[in-house]
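Comments concern the structure below.
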Amino acid sequence: MTLALLFPGQGSQVVGMGRALAETYSAAAAVLAEADEVLGLPLFRLMAQGPEEELTATKNAQPAILAHSVAVLRVLQDRLGPVAMAAGHSLGEFSALVAAGALSFRDALEVVRLRGEMMYAAGQLRPGTMAAVLGLEDEALEDACARVDAGICVPANFNSSGQIVVSGDLAGVEQGGALFIAAGAKRVVPLPVSGAFHSPLMEPAVRGLREKLELVSFRDPAFPVFSNVTAGPVTSGARARELLVAQLTSPVRWATSVAAMVAAGADRFLELGPGSVLCGLNKRNAKGFPCTSLGEPADIDSFQG
């Protein structure tokens, strides 16, 4: 079978994450201890004990999810066998690049911590929001977004057929919501976020992220990592760096990315990290292909490589 790895993004964090991993596997404990040391803060304690409000803060959630994903990866690395390709949802693209050897874990931690801080600051400077739109296909949603004239409303995450997230300022997303319902959407669900991620409102964060990434060493990945921006395979470290910057203001083309992985031969998926969101989406995005979520010791112990 041709194995593809998937790595979750922000929103998969939960209080208690990583605690059982660290208690069960020394490799996971070492990863989480390294995260504390690199960032100079008690990230693992925050992951394990909360409080939830602090863990959910963008600057903390992003390194927490990265650390959890890499901890699972390190525990499993001798059992995975050959990996053909990988992808990560938004923040998860950093985890995928670490898995492919394009980016060191230490560098990734520093970058995603800064990324989270800058995304929050951009949200304060240019306030915005996000909403999930259920039951509307891509083209109908994009047509509705194009008719919004009260503000900004753009597609942010093409997660699966009939599940798209939009992003923009408050007036734009509110008007968009009414247009989506009129176009046939079943529901529009506001999301509890600190800014309009993957939209033009994130532009204030672009320069700082680009400058930080220019200081970081990128290597060519050992296997292709499918980009959120292009939904295509990235085989160059320099190109991976460029696309991580572009990702801030571009939609996450997740459904297309997974379809492209299937077209490239992927027929088995493993989701490494907290939760099972991506395997849930794969029920539509890669129907008929096995997807296993591995985030807790029970999952890992039952895993057959």
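In segment 1-149, a dipole from Cβ-located charges (positive for Lys and Arg, negative for Asp and Glu) runs towards its positive end, and of 86, 40, 145 it is 40 whose Cα lies farthest in that direction. Over all other residues within a Cβ to Cβ distance under 11 Å of residue 212, the charged ones net out to 0, with Lys and Arg as +1 and Asp and Glu as -1.
Comparing 102, 183, 86 in a Gaussian network model of the chain, where Cα atoms under 10 Å apart are tied by springs, the biggest mean-square fluctuation is seen for 183. For segment 233-305, the list of trypsin sites (Lys or Arg not before Pro) that fall in a loop by DSSP and count at most 14 other C-beta atoms within 10 angstrom reads 287. With the charge dipole of the chain set up from +1 on Lys and Arg Cβ and -1 on Asp and Glu Cβ about the Cα centre, the Cα lying farthest toward the positive end among the listed residues 259, 218, 25 is that of 259. Straight-line reach from residue 186: taking Cα to Cα under 29 Å and skipping same-chain neighbours fewer than 8 places apart, the lysines in range are 283, 287. Sorting 56-66, 139-149, 223-233 by their mean Cβ neighbour count within 10 Å, with the most densely packed peptide first, gives 56-66, 223-233, 139-149. By the helix-only formula, in which each DSSP H run with n ≥ 4 contributes -39500 (n - 2.57) and the sum is divided by residues, the chain has a 222 nm mean residue ellipticity of -14000 deg cm²/dmol. Excluding ligands, DNA and RNA, the accessible surface per residue across segment 30-159 is 37 Å² with a 1.4 Å probe. Think of the chain as having a plus end and a minus end, set by charges on the Cβ of Lys, Arg, Asp and Glu; of 172, 293, 1, 1 sits farthest toward the positive end of this dipole. Could you tell me the calculated FRET efficiency between residue 139 and residue 206, based on Cβ-Cβ distance and R0 = 25 angstrom, to the nearest 0.05? E between residue 139 and residue 206, to the nearest 0.05, is 0.35. Per atom type, the chain shows carbon and sulfur on 51% of its accessible surface, probed at 1.4 Å. For segment 222-305, the solvent-accessible area with a 1.4 angstrom probe is 40 square angstrom per residue.
With R₀ fixed at 45 Å, the C-beta to C-beta distance from residue 259 to residue 23 puts the FRET efficiency at about 0.75. Considering the values [x] 18.3, 55; [y] 20.1, 68; [z] 20.1, 64, which represents Rg and Dmax of the Cα atoms in Å as calculated for the structure under consideration? Comparing each candidate, only [x] matches the computed number.
The values are calculated or read from the model by the stated rules, or taken from the named source; none is laboratory data. Keep in mind that what you see is a predicted model, and the values were worked out from it rather than measured. Cβ: placed from backbone, ideal geometry, glycine included. Neighbour counts: every protein chain shown. Accessible surface areas use protein heavy atoms only, side chains included; no ligands, DNA or RNA. Shrake-Rupley method; radii C 1.70, N 1.55, O 1.52, S 1.80 Å.
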